[in-house]
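The values are calculated or read from the model by the stated rules, or taken from the named source; none is laboratory data. Just so you know, these numbers come straight off a predicted model, no measurement behind them. Note that each Cβ is placed from the backbone with ideal geometry, even for glycine, and that neighbours are counted across all protein chains shown. Just the protein is used for accessible areas: all its heavy atoms, side chains included, with ligands, DNA and RNA removed. Shrake-Rupley method; radii C 1.70, N 1.55, O 1.52, S 1.80 Å.
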Amino acid sequence: MWPYAIRRVLGAVPTLFIIIALTFFMMHIAPGGPFDAQRHLPPEIEHNVRAAYNLDKPVWEQFAIYLGNLLHGDLGPSYKNHDFTVTQLIEVGLPVSARLGLSAIILAVVLGISLGTVAALHQNKATDYGVMGLAMIGITIPTFVTAPVLALVFGIYGLHFFGFDFFLPAGGWNGGAFANMILPVTVLALPQIAIISRLVRGSMVEVLRSNYVRTARAKGLPNHIVIFRHALRAALLPVVSYLGPAIAGLLTGSLIVETIFGIPGIGRYFVEGAINRDYTLVMGVVICYAAFVIVLNLVADILYALLDPRVRFA
Amino acid sequence: MSAPGLTTRNTETIERALDIEGRSLWTDARRRLVRNKAALTSIIVLSIIALMAAFVPFFWPYGYADIDYANIACAPDWWPGTDAACRAGGYHIFGMDQNGRDLFVRVLYGARVSLAVGFVATLVSLLIGVTYGAIAGFVGGRLDELMMRFVDVLYSLPFIFFVIILMVVFNQNFFLLFVAIGAVEWLTMARIVRGQTLSIKQKEFIEAARAAGVGTFANIRHHVIPNVLGPVVVYVTLTIPTVILAESFLSFLGLGIQDPLTSWGVLIADGKDHMETAPWMLVFPALFMAVTLFCFNFIGDGLRDALDPKDR
Amino acid sequence: MAEPILQIRDFNVLFDTHDSEVHAVKNLNFDIGEGECVGIVGESGSGKSQLFLGALGLLTSNGRATGSVKYRGRELLGLPERSLNKVRGSKITMIFQDPLTALTPHMTIGAQMMEALRTHQHVPRAEAEKRCLEILDLVRIPEARNRMGQYPHELSGGMRQRVMIAMATVCGPDLLIADEPTTALDVTVQAQILEIMRDLKKELKTAIVLISHDMGVIAGMADKVQVMRLGEVVEGGSTDEVFYAPKHDYTKALLDAMPRIDRPMRKGHAILQPLSTIGAEKRLLDVEDLKVYFPIKTGGFPVSKVKPLRAVDGVSFSLRQGETLGIVGESGCGKSTLARAVMKLIEKTDGAVVWSGRDLSDLHGPDVRKLRKEFQIVFQDPLASLDPRMTIGESIAEPLVTLRPELTRTQVQDEVRAMMKRVGLEPGWINRYPHEFSGGQNQRVGIARAMIVKPKLIVCDEAVSALDVSIQSQIVDLILNLQSEFGMSMIFISHDLSVVRQVAHRVMVLYLGRIVELADRNSIYEDPRHPYTRALIAAVPVPDPKAERGKQHVTLASELPSPLDSRAQLSFLKSRMIDNPDAEQYRPKLVEVATGHYVAEHDPA
């Protein structure tokens, strides 16, 4: 397994390089720069500012300088948040985003698998149709609709039952308090729960019809052993393959969720940075996300091989 | 066998007239699709939305950019509750937006943009994906390995970021939106087509055709493409909603289409800002979008079941 | 008579489908006695498998069973899952056809066996492990302790089926139900498995239900036979009665249709024209030292090694006009590769193929295509070899359209209709699609497609192997009749030695890409010289209970070695072997022991 993991990590280096180069050149070749908004700088001051950030040099030289710094772990200064380096900003934002994302993925996997299994075991019965209908809704209603609606319902109006008023914070992070996490994590996880439960249902239905499940039942094993020991593991394989795309989906969702709920994660930096042409900040966030995606994909592949002994680490 | 007086020619004509029409897989699939109530309803609903979006300027009294300053953010007449600040009156059945424009016509104009992006970007991804995947699958060997490695690399890029950067950098060029989203979606299409091509290439009927002297190119055209078509059609119907979502996502972030033109994403973003005072501004665009996505998903599922019938 | 173990009364199995209700098993009545082996024989769709799945509550969710099934007087139908599980897997156990898919892929052999044992008998772990090892020894699995830690995909097909049997016997059942236990296996492996089952019956006194389509397998195993057709038992009785004095027409037809390795022809069916009456002396095809190697990547770090897989490794033969050459051998022996290389459907590595005096090696592109008119191929799976999106008329016309472009549309249509009529298809079906037909009808389409250009050589690659006996017999008749009408040569590839005996003038036995024996059909079946040929022929079961009972069961001791191992081909000539899996080895030469009878060098037995 280890040679495989090492080879995969090494293989990710060119990928990461491509990502960095693409982002860098796309940002720099485009018209407009980070200091265009402040139009009224006197020419010599603007010149000095540009020189301080190496913006007066040819693009490829800027790229070389950036790469050099990157190797030392230096992501450069933020153009817009003058008092911070990008590394500092990410150090603050990453734990927040990571916590949000991981909570959401765990919730999605656990709930998705349970719901999908339940639906498969009641194939073509009311439970099945109910779960799959909900899943369809989860897939078709976008995050940016569920987020404001849930914020409105739980945060502003509140739920009133049994004489209790039930409120959840509709925004802010509050140092990651549980109450503050409920809504954003739910919103982020909803579409993934839906997709995963559909996946699990489909593969479970197929596995339940397989010959080896018939063998297990012919052996007189109790139902729960047939399902959990023989069927579920094989039915989970498509979920593991889907983890890569799921992570990508979560990242996209996190941009929205962090913006709407006002959470100080790196997703919000990215959106702000992109709009403000804060090159270094955008670069930093992209590198961060890409590394995250690569590592999680590797984890997913290893998980797959562990679940299915027929797959070798080749 | 033939009755006296009939020439052989005639018996043959009769024989031909008696030929039994076979049910092709497509005929079967169509029959199954029509029997699928969810898919059929979806097709009808989608057609209605698309037709309304296409013809709304011809039958609706208000234009998408007409501003009625007297009726800013007014509720439709039938809206329940008494707390609405004002009632729009007239034919404003969906109420008015924050600039005093008729929401009904704007939702349908949003449908125009969202559906157009959906179809065009999917077409882009279809063209690139099918060509790329088919070539990789057919030629096979080294080239296949190289081409698919490239796709793998692209897959691990966080693409939505590139789209965002692209949109920022090129000032929300509408045409670019199609290209950018299409360029993201083609990857999966290429993988699907390649996988299908590979599996069909191994089928005995391809070898049978080769034994019958059919050349490579004719083989692709007569045997491979018709057989790959099924899964591709299914994937296309499932890609359209993904693309619509992607567009509205960008519009929501303020990176998509520009005012006064609109899309569902823009409308939902506006609606979100006014949901406490004018909830209809969120409800109608969100409803239209959800229904549309619902329909595409149902059609996709229905097509898959129709083309590949295994009792699910 | 003592009380039966299983008593089946008024038993029915029904399935709800979209269109209607399918009655898969109709009104069955029979008993299974202590220690007795009951054979259930029938073709596909006879309901023979659904019968016991229904009895044990294993039907798919759209199926249901009615009537009565009593195990030692206790009703099983309608029993709640919990109570049923006390019998199922413990007192009555099952083994299935395909041992690869029937074993859970992500659990080790040991875990799957232990779980069966420990669910039903509460024995400590160590004790359970000991029992499993004993049973694995009983089914003759070498290195049983290591096998326990392996996964199903790491074992060969034969080994997997032994594991299935071990798993089914570990609880000491009264009744073992074996559903086509040997159908997916090679004939020599089949013989080993049947031998093991015979021993189990003798040693453990387990009653066995053997479900099979193969009358030969039933003849050698069963004490009683039930013949099923379309869900009904048409005839039942002792094995001897059913085989020697069949009462029902269907049983008679089935027995007549069954090709027998001990007879060159089937009663009342078409026969092979002897070569002398064809009088053809012209040599059509000469194959010299043909080799086809595939590079196989074997694992390794950091760089993987590439080894040649010698699929065909130096095969020479010739074929005369009108002659049929049978090629037999077990899976992986290279018989299909050989035929495809001859037809230039795959590239050869070395050697020469000479067709009517012309070396095909230097033919390319359009020239090859011209040549396709002369030889055609019929495939194993009739449905897979037809494009599902083309009408059968279009499929049949395809070679004609590409190879004889001068024909007009009507001419093509006329030819297609004529050929359809000739192969026994209604010309009016020309616009229908393959999925609307049965396997036998589709195979007729495949034959029509091959015959439409009137080729000089037809390769039948397992062309009748996927078909039911009665259909197989009809297709064999068709092929024989077409040959006497059109006089083409044939290469008939099959793993089924009995069928080959009915259709081939000469027979070639392949073992790991090389010829071990080549002779005319009577010599090879009546006077086999090579130990491998002998084992192969002895392993084929005959639908004749007395002959089967009297048979000395000679089985090959070893498994088929890996074809990547260069020593593999010297399994029968160990005296010349260099003990290194990568070394360049000696290749056994063919020796002519009698006129036209060639045998590969081998160590004396």
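Worth a mention:
- Spatially proximal aspartates and glutamates relative to C:Lys456 (Cα-Cα < 15 Å; intrachain offsets below 8 disregarded): C:Glu281, C:Asp286, C:Glu323, C:Glu374, C:Glu485
- Nonlocal amide H pairs with C:Gly314, under 5 Å, H built at 1.01 Å: C:Leu290, C:Lys291, C:Val292
- Cross-link table C:Lys307/C:Lys344; C:Lys70/C:Lys551; A:Lys125/C:Lys91, entries beyond 28 Å C-alpha to C-alpha: C:Lys70/C:Lys551; A:Lys125/C:Lys91
- Cα centre as origin, Lys/Arg/Asp/Glu Cβ charges: the protein assembly as shown dipole, Debye: 1800 debye
- Simple Cβ-charge dipole of region B:35-311, Lys/Arg +1 and Asp/Glu -1, about Cα centre, in debye nearest 20: 1040 debye
- Relative contact order %, chain A, counting alpha carbon pairs below 8 Å whose residues are six or more apart: 25 percent
- For a straight C-alpha distance cut-off of 29 angstrom, the lysines reachable from C:Lys546 (same-chain residues fewer than eight places away being disregarded) are C:Lys48, C:Lys201, C:Lys202, C:Lys205, C:Lys224, C:Lys247, C:Lys252, C:Lys267.
- Shielded residues, region C:427-470 - accessible-area loss of 20 Å² or more between chain alone and all protein chains, probe 1.4 Å: C:Gly428, C:Asn431, C:Arg432, C:Tyr433, C:His435, C:Glu436, C:Arg449
- For chain C, the direction-averaged projected area of the alpha-carbon convex hull comes to 31.0 nm².
- Calculated [θ] (222 nm, deg cm²/dmol) that DSSP helices of n ≥ 4 give over chain C, each run adding -39,500 (n - 2.57): -10000 deg cm²/dmol
- Computed helical MRE - 222 nm, chain A, DSSP H runs ≥ 4 contributing -39500 (n - 2.57), nearest 500: -23500 deg cm²/dmol
- Complex-versus-alone comparison for region B:180-219, residues with a loss of 30 Å² or more in accessible area, probe 1.4 Å: B:Glu204, B:Phe205, B:Glu207, B:Ala208, B:Arg210, B:Ala211, B:Ala212, B:Gly213, B:Val214
- Tensor-based shape of region A:2-307 (alpha-carbon gyration tensor, a/c under 1.5 rounded, otherwise prolate or oblate): oblate
- Rounded to the nearest 20 debye, dipole of region B:202-312 from Cβ charges on Lys, Arg, Asp, Glu: 520 debye
- Shape class of region C:6-257 from the alpha-carbon gyration tensor: prolate, with a/c at 1.5 or above and a/b greater than b/c.
- Per-residue ³J(HN,Hα) for region C:203-208, Karplus 6.51 cos²θ - 1.76 cosθ + 1.60, θ = phi - 60°, Hz, x for Gly and Pro: 7, 9, 6, 7, 6, 10
- Within the protein assembly as shown, antiparallel bridges make up roughly 60 percent of the DSSP beta bridges whose residues both belong there.
- Under 13 Å, Cβ to Cβ, from C:Gly67 - net charge with Lys/Arg +1 and Asp/Glu -1: +2
- Solvent-accessible surface of the protein assembly as shown, taken per residue with a 1.4 Å probe and all protein chains present: 43 Å².
- Region C:475-589, accessible surface, carbon-and-sulfur percent (1.4 angstrom probe): 50 percent
- The figure for C:His153 is an accessible area of roughly 60 square angstrom, using a 1.4 Å probe on the protein chains alone.
- Around the amide H of C:Ile40, modelled in the peptide plane, lie the amide H atoms of C:Leu210, C:Ile211, C:Ser212, C:Gln226, all under 5 Å away and 5 or more residues distant in sequence or on another chain.
- A cut-off of 5 Å between modelled amide H atoms, ignoring neighbours fewer than 5 places along the same chain, links C:Leu284 with C:Leu319, C:Arg320, C:Gln321.
- Per-residue 3J(HN,Hα) values for region A:276-282, derived from phi via the Karplus relation 6.51 cos²θ - 1.76 cosθ + 1.60 with θ = phi - 60°, read 8, 6, 7, 3, 5, 5, 4 Hz in sequence order (x marks Gly and Pro).
- Apportionment of accessible area to carbon and sulfur, region B:35-311, percent (1.4 Å): 67 percent
- Remark: region C:61-72, residue by residue, has Karplus-estimated 3J(HN,Hα) of 5, 8, x, 8, 10, 10, x, 9, 10, 10, 9, 6 Hz, where x stands for each Gly or Pro and the curve is 6.51 cos²θ - 1.76 cosθ + 1.60 at θ = phi - 60°.
- When all protein chains stay in place and ligands, DNA and RNA are ignored, the 1.4 Å accessible-area order of A:Val257, B:Val291, largest first, is B:Val291, A:Val257.
- Residues in region B:267-306 that a label on B:Val45 would reach, taking backbone N under 18 Å of a point 7 Å out along Cα→Cβ: B:283-304
- Using the Cβ of A:Ala216 as centre and a radius below 9 Å, the other residues enclosed give a net charge of +3, where K and R count +1 and D and E count -1.
- Residues C:Trp429, C:Trp355, A:Trp60, sorted by accessible area with the largest first, give A:Trp60, C:Trp429, C:Trp355 [1.4 Å probe; ligands and nucleic acids excluded].
- Under the criterion of Cα pairs below 8 Å and six or more residues apart, the relative contact order for region C:6-257 equals 27 percent.
- Residue by residue along B:101-108, Cβ atoms of other protein chains within 10 Å of the local Cβ number 0 on average.
- Accessible area buried, both sides summed, chains C and A with 1.4 Å probe, Å²: 2300 Å²
- Judged by the ratio a/c of the largest to the smallest principal axis of the C-alpha gyration tensor, the protein assembly as shown counts as prolate, that ratio being 1.5 or greater while a/b is larger than b/c.
- Among C:Asn12, C:Ala535, C:Thr391 the positive-end extreme of the charge dipole of the protein assembly as shown (Cβ point charges): C:Ala535
- Helical contribution to [θ] at 222 nm, DSSP H n ≥ 4, -39,500 (n - 2.57), averaged over chain B, rounded to 500: -23000 deg cm²/dmol
- Computed from protein heavy atoms with a 1.4 Å probe, the total accessible area buried between C and B is close to 3000 Å².
- Accessible surface buried by the B/A pair amounts to about 3400 Å², both sides summed, 1.4 Å probe.
- Cut-off 9 Å between beta-carbons: net charge of the residues surrounding C:Pro399, Lys and Arg +1, Asp and Glu -1: +3
- Per atom type, region C:228-286 shows carbon and sulfur on 54% of its accessible surface, probed at 1.4 Å.
- Whole-Å distance, taken between Cα centres, linking region B:118-143 and region A:70-120: 33 Å
- Listing of region B:230-264 residues, each with accessible area lower by at least 30 Å² in the full protein assembly than in the chain alone (probe 1.4 Å): B:Leu245, B:Phe249, B:Phe252, B:Leu253
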